[in-house]
Structures are given as C-alpha cells and as structure tokens.
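**Q** Okay, handing you the structure first.
Read-outs throughout are calculated quantities, based only on the coordinates presented, and are distinct from any laboratory measurement. Keep in mind that this is a model prediction, so the values were computed, not measured. As a convention, Cβ positions derive from the backbone with ideal geometry for all residues, glycine included, and neighbour counts pool all protein chains shown.
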Amino acid sequence: MTTDQAERLRQIVGTKAEEEPKEELRALPVGSARVIAITSGKGGVGKTNLTVNLALALQEAGARVLVIDADLGMANVDVVLGTKSKGHLLNLLEESVTLGDVLQKGPKGLRYISGGSGIEKAADFTREERELLLGKLAACADFADVILIDTGAGLGKNVMDFILAADEVLLLTTPEPTALTDAYAVMKAYSMYAKEKNIRLVVNRVYDEAESKEVVKKLQQTSERFLGMTIDCLGYIFEDSAVMRSVRAQTPFLVAYPSCIASRCIHGLANAVLYGSRMTVTGGWRGFLRQIFKFTR
C-alpha cells in the first residue's frame, strides 16, 4: 500500500467516525442478551480476529460482552488473545464446576468461554446433562448485553446449529473469488433453514471503500435473484499490516495498535452493531441454548 493510499484510507475512516451520531447505549433487561454468531464460508478470512476485536470495541463502547469460542476442538480465541484456558464449556457437566470456573479473562478484562472438544455430541447428552448445562449457562445473560459466538467456518452441522440458533448472524468474507463462493454457500443454507432471517455481511481486507461496495453488490444481487433473500452489509475492514503483526504477537490489534486503520474500522462496526439498527432479541440466550442442546420442556 502506498503512502497516498494509506492517507486516503485514514481520511475515509476518520470522516465516517466523525459523521456517526453518538447515542446513549440502550441497555437490555437483566437476563436478556443479543446473541450474535460470527461465521464465514471458509477459514483464513479473519473470523476469530473480528470476533475478539469487535468484542473489545463493544466493551469500550459500554456494552457488557461475552465471547464463546464455538470453533469446536480449536482454541482460536485463546491464540488471538494470547491466553490459555483453564477450563472449557463441557467442564460444566461436572457437578462441582461452576460457570465462574470456565469463564476466562483476556486483555482489557474481556470475558470468554472456550468451547473445548466434544460439544458436537450435545444432541446425545442425557436429559440430566442438558438440564445441568442449560441451568449453568443461562446465567451468562445476567451479565452480558451482547454474546458473540465465534463459530467454525463452512457448512458443517455444528456450525449451522450455532448460526440457526443465534438471533443475528455476521457473515465475514474477503474479496477473493473462493471466499465469495463459500460465503454464498452459507447464505444459501441460511436462507433455506433460518426461520427468522437476520444476517449481515462484513467484508475484510479491502483496499478501498469501492472494492467493498463491489463485493457487497455482487452478493446482494445474487442473494436476491437466486435466494429471494435481502442481505445488508454491516461494514468493512481495510487491509492493514498491523493485523498480521498483532496475530504473530498473539495480541488483539485493538490493544496493540489502537489507532491503526483496522482498529478504527472495528470501532465503526461496533457503533453499527449498537446504534445502526434496531436491537433484535427473539429467542435470546436461553432460546439459543435450548436449540443448541436440543432441550425442550
């Protein structure tokens, strides 16, 4: 990226930040929370980075945030945060383990829960095990306004379960043709199975605003024509070498490089999440848990 390009991007991001109206953060009732699944059609597009840094930006804006690593069998959130979990979600199946035992703290006090391995067998849990998990996890909504679910990539059953159980979905893609093809595959599956459609695009690693608009236009037109589904765009993240440097240092770029272009884009996305559209809480956290653990009374 040339010096002129970098300066132009700073001007674009800076202008947008100044234009965004500042509103009072709308608190949710205790026991309620927005459940937002963050997913992608393929790996390597920056999904976990988006999840972690968006969580930090939302927290800085005054929201109470919890991140749940649902990329099963992987510890990607731990890697991005530079932490090591002492416990994971399935430890809650042990009677003596409390929610506080599996809640981890990362930079800036960000709270998260590692998914660990084995959660894919949730459908095979006994009624008692499901009751135990549901009861312990339900308390998450008491201290979180927003719960971000970092799903795996692709169209595996476990990934789709998390996407369909969430009230809102953020679909991350990049301008590469393979990423766009895989993103469309996710959109197609979502359009077929989601009862209430609430999915928005985020375009990562773009070099200018025009490139982002072109990507969004292609996906929107394809979705409307072949799926009959309207899909909005939450925003975009500019290509920024600070992101890769932060990944190598295992520190969120919002912490390591708070003034970089990518960080400013993330703050813009956080504002869009909090103020850019109506708050949508349909099933909420308890509804999410019931669907994931296939537990009905």
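**Q** Evaluate the relative contact order of the stretch 30-292 (contact order divided by residue number), counting alpha-carbon pairs under 8 angstrom at least 6 apart; express in whole percent.
**A** 29 percent
**Q** Still on this structure, please answer the following. Which of the pairs Lys47/Lys217; Lys105/Lys136; Lys84/Lys136; Lys108/Lys195 have their Cα atoms more than 28 Å apart in this structure? Kindly include the intermediate steps, with their values, before the conclusion.
**A** On the way: Lys47/Lys217 21 Å; Lys105/Lys136 18 Å; Lys84/Lys136 22 Å; Lys108/Lys195 36 Å.
In this structure, Lys108/Lys195 lie more than 28 Å apart at Cα.
**Q** Can you tell me the FRET efficiency between Arg64 and Asp101 if r is taken as the Cβ-Cβ distance and R0 is 22 Å, rounded to the nearest 0.05?
**A** Calculated transfer efficiency: 0.65.
**Q** Ok, one more. Testing the spin-label approximation: label points 7 Å from Cα along Cα→Cβ at Arg225 and Ala210. State their distance in nm.
**A** It works out to 2.3 nm between the two label points.
**Q** Determine the principal axes of the Cα atoms in the stretch 30-292, then give the extent along each, sorted from largest to smallest and rounded to whole angstroms.
**A** 54, 41, 31
**Q** So, in nm, how far is label Arg127 from label Asp232 when the simple model puts each one 7 Å beyond its Cα toward the Cβ?
**A** Label-label distance for Arg127 and Asp232, simple model: 4.2 nm.
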